[in-house]
Structures are given as C-alpha cells and as structure tokens.
Amino acid sequence: MPTDTITNTSRPRPVQPVLSHMACRAVQPLLSRVVKRIAKNHETMFNRLGAHQTTDFLIDPIEFPFALHLRPDPENLIFRAVPRDAAPVAGAVIRGRFKLLLELMDSEEDGDAAFFSRDLEITGDTEAVVRLRNALDDVDGSIAEEAADLFGAPGRAILRRLRLSYNATPKTGMQQ
Amino acid sequence: MSLAELICPAGTPAALRTAVDAGADAVYCGFQDATNARNFPGLNFTPEELEASVAYAHARGAKVLLALNTYPPAGKVDLWRQAADKGAQFGVDAFIVADMGVAEYIARTYPHIRLHLSVQAAASSPEAIRYYCENFGVKRVVLPRILTIPEIREIRKEIPCEIETFIFGNHGLMVEGRCSLTNYLTGQSTNLDGVCSPASDVEYIRHSDGSMSSKLGGFTIDSFGPEEKAGYPTICKGRYTVPHRTDGYYAFEEPISLNLARLLPDLIDAGVHAFKIEGRQRSKSYVRSVVSSFRNAVDDIRAGRTADIANLVALTEGQKQTQGAFATKKWR
C-alpha cells in the first residue's frame, strides 16, 4: 500500500516533541469519548467503508501539534492523537488546515473543490479516502456539533469560538 | 417557455435529501453496482435506501430518475433487468438508459414508466433520436455536450421528445458512451463497469518542491506545480510530453468544468426542457451550493427577471470554467 513518502513546503509546522506528546495526552480522553458517540449515532456510516474499515488513516491538521490516527473499524474503533514523529504507517493520509478538515467532515466544504485548489492533500490509498469521504457525506447534520454537544455548553462555546477564530483569520491554504 | 426542470445529482441518500431541499425538480441516482456510470467506492444507493429516498422526494413534489446508463456485457444483462425491476417497484419516475437492450426491456416490461436517453448513448442527430423515440418510447434525450445552441434549436424542431442538456459540472467529452481510455490503463471501463479512473488505481504523490503528480494504473498522467490548481486524474485530462512539446501539455482536454449559467435564457429559448447538473460523486456541500444557485437562476428567468447567478468557480475542476461547444465549436 503506498504511503506518503515525500516532504515539501506544506508540511506541518515543526513542534517540540515534548509539547506534541503532552498535547496528545491532553486531548486523548476527549477523542475517545467523541468517536464512541459518533459511531453509536451513525452505525450505518460504516457500511460505505467496505473493506477499508480496517485501514489506518492519518488525518493531519497542519497547524496542530499532532496528527490524528483513525481506524474506522466498528469492532475495534481507534481515534487517537499521535505525535507526528510517532505516527503509525498509514494506508492513507489526509492533510489540510483544521478548519477545512472540520468542514469536510460536516460536508460544509466540497472535497473535490478543496483538492482542486490544493488546500487538501491526500496520499496513499485513494479508494480508502473516497470511501471515507462518501461515508461521512451520507451523515445528516453536523458531526462537529454532535461532538461539541457531548460536553454541553462549554463544548458548544469552544466550537463556536474555534469557528469564529478561523473565520477571522485569512486563509493561507497548504502553500505556506 | 419550456418547463426548464432542474435535474440534480445525488450519490447518497443524504445528498438526495439535500438536492430536494435545495429546490431540485428531479434527482438522478444509481445503485451500488455497474448499472450506472458513477460506480464509485462507497457511493450510491442500496435498494432500501432508494425506496426510502423515492418516498422522501415524492412527499416533497420532486421526481427520482434512476440511472441505468451503462452497457451490459454479454451474460450479465440480468443485473440491469433486476435494477429496472427494483426501480419500478419503488416507483421511480423515469429510467435513464443508454443501451438499446436495457431500453427494450424497460419499454416492454414497464411501458408506463418514462424512458430518458442518457448522454452515454451519444444520440446527437434527429434521426438517431427519433429512432429511440419510435422504437422504445423515449420521452427525453440528454444531448451530448458537443452541440451549439443553434444546433440544439434545429434538433428540437425535428424530434418528438423533450431535450435535457448539461449546464454545470464535469466536462469530459471524448466519444461519449464509448470511451475506453480508462480501460487502457486499468482494465476497468467507464461504460461497462461504470467507473472512470477507479480510485483503487489512482495515486497522488507530493514532491519535495511542493509539486504533485497524479498516477493512474502506475503511470504518471499529470504533474501540478506548487501553486497550480489540480484536476481529476483522468487520461483525457492528463498532461503529456511529446518531442515538440517537452514542457508537457493537455493533448486532449484541460481540467475545466462546464458552466452555462449565462446561457440559460438562450437554452430555454431554444426549447430545452430540462437542465442537468453533473456531480453524483461530489459532496452534499457541492449539491447544496450548485442546486440552490441554479434554482434561483431558473426561477428568476421564468419570472422575467435577470438571473442572479452565484459565482461557482471555486467548485469547478482546475478552478476553471467553460461554455464549451454550447458557445462555439472550438472552445480550447
């Protein structure tokens, strides 16, 4: 299975390894809770993944101090923050700014358009990425808001603030 | 004035609901198999999903058109017949077909359900279209994207059925209905297997200078500079080097999308009954944006107002758009 083997100017910003590991430990309990709830609420989503339920995806928000490892296997679901220097060998890598990745997850942005504009980078197994995209696209409503709701008013406030902060920031895309 | 129905794409039930809610008059979709020309991984409808989706659309006054627009290989025609049987059972409003055998089966078995002739059939002359109308009862032809508006107007005068034209989306012409370029590298067929450039054969590679190569079946078919907009990984839109063009050039077509927003009044005046938006493989976000934009535009035109057409270039391939052959026979 092909993997992302080449680095370039759009790589994630360098972060001190110790900070990355600390950030991963801080967010991990939240991620575990979120992914279990989303999986429970949208069981049929996994059907569209076919054999790629066991593919390892590396979702890489370039401005974050860590990446996210997703294995969408309903029998053994994995969604964890990983320091980039300790990321697993992934079947597919999806890379972009966090806001874009969030909007793609919620179908607020179009994946093909993000790919055409070069704001979204995918490498590795293209079929796996296409299946994941189609699975997420068949979900009604906002996964991000469902996740925020898990944490009540503070969760919703954080999501709102996150969106506002990105909206106030000029888009720089991948080529920075 | 023609009805100017808006025919919208849906690759998932959620996309179908999005299209209906955004103002589609009809939505076209397909099953999760080779019977339709967007047989992509993780896309399309199970029979149960189609049944529920037809009910959703009908409850809101929208139609559902089932795409059975590929060509059955010998010995496999039962898959297409069974798909037609399921579509009829669920109450679809029309079948979109390309193959005469499939058309004949539906015309004979379900004469009360409309037949639309797919663009895949490549029927572009009045004589060819009339043949389908007279022999299979075809009620609408989706014209290939190779005709100017004056030519469409002339065809309209000579055929007994409605005309549907594409107005937005992928602009991949070639010999429509018989493209075998993707077979050449992958063994999979656009017209027999329903998939062009299967995702399992596509690979993107980023290079250290920020450029990106797209490969199909192990062959590099394009390379984009760090700041360059990208397109789909199809052979017809690949960039190639030849002895007299060592910098690489688009030998067939460029990555570009069709956008006829500004030609809608002319198309209506020419007698086009329905406008088709391409993109069953695209997201709900695309469906929502494009359908609502064209819904507003068509409503404005029908009300005698100047259409307020949103800028959709961000959704186009390579972030470039063309009016293609509709405006001029030479559009490069």
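The values are calculated or read from the model by the stated rules, or taken from the named source; none is laboratory data. Small disclaimer: the values here were computed from a predicted structure and weren't measured. Here the Cβ is made from the backbone with ideal geometry for all residues, glycine too, and neighbour counts use every protein chain on show.
Worth pointing out:
- Across segment B:52-94, the qualifying residues are those that are under 17 Å from B:VAL141 (Cα atoms) and touching a Gly at 6+ places or on another chain (Cβ under 6 Å), and the one among them that is surrounded by the fewest Cβ atoms within 10 Å (Cβ to Cβ) is B:ALA67.
- Within segment B:111-123, the set of residues being in contact with a strand residue (DSSP E or B) (Cβ under 9 Å, 6 or more places away or on another chain) and farther than 21 Å from B:ALA62 by Cα comprises B:VAL119, B:GLN120, B:ALA121, B:ALA123.
- Being assigned to a loop (DSSP other than H, G, I, E, B) and of a type in the set (D, E, K, R) is a property that holds for B:LYS330.
- Counted residues, segment B:7-38 - those being out of contact with any strand residue (DSSP E or B) (no Cβ under 8 Å at 6 or more places or on another chain) and surrounded by 23 or more Cβ atoms within 10 Å (Cβ to Cβ): 2
- Total residues in segment B:123-143, condition buried (at least 20 other Cβ atoms within 10 Å of the Cβ) and either under 19 Å from B:ASP269 (Cα atoms) or within 18 Å of the chain's Cα centre (by Cα) (or both): 5
- The residue pairs whose first member lies in segment B:158-174 and is aromatic (Phe, Trp, Tyr), whose second member is modelled with pLDDT under 95 and assigned to a loop (DSSP other than H, G, I, E, B), and whose beta carbons are closer than 6 Å, counting only pairs six or more residues apart or on different chains, are B:PHE166/B:ARG145.
- Residues satisfying the stated conditions in segment B:250-306, i.e. within 27 Å of B:LYS157 (Cβ to Cβ), of a type in the set (Lys, Arg) and modelled with pLDDT of 95 or more: B:LYS276
- Verdict on B:LEU50 being among the aliphatic types (A, V, I, L, M), within 15 Å of the chain's Cα centre (by Cα) and assigned by TED's automatic domain parsing to the domain that holds B:LEU260: no
- Screening segment B:161-244 for strands (runs of 3 or more DSSP E) wholly inside it with 3 or more residues that are buried (at least 16 other Cβ atoms within 10 Å of the Cβ) and more than 10 Å from chain A (Cβ to nearest Cβ) returns the ranges B:162-170, B:219-224.
- Here is the figure for segment B:245-286: residues that are of a type in the set (Asp, Glu) and surrounded by 18 or more Cβ atoms within 10 Å (Cβ to Cβ) total 2.
- Elements of type helices (runs of 4 or more DSSP H) in segment B:1-93, at least 1 residues being within 13 Å of chain A (Cβ to nearest Cβ) and of a type in the set (A, V, I, L, M): B:13-22, B:47-59
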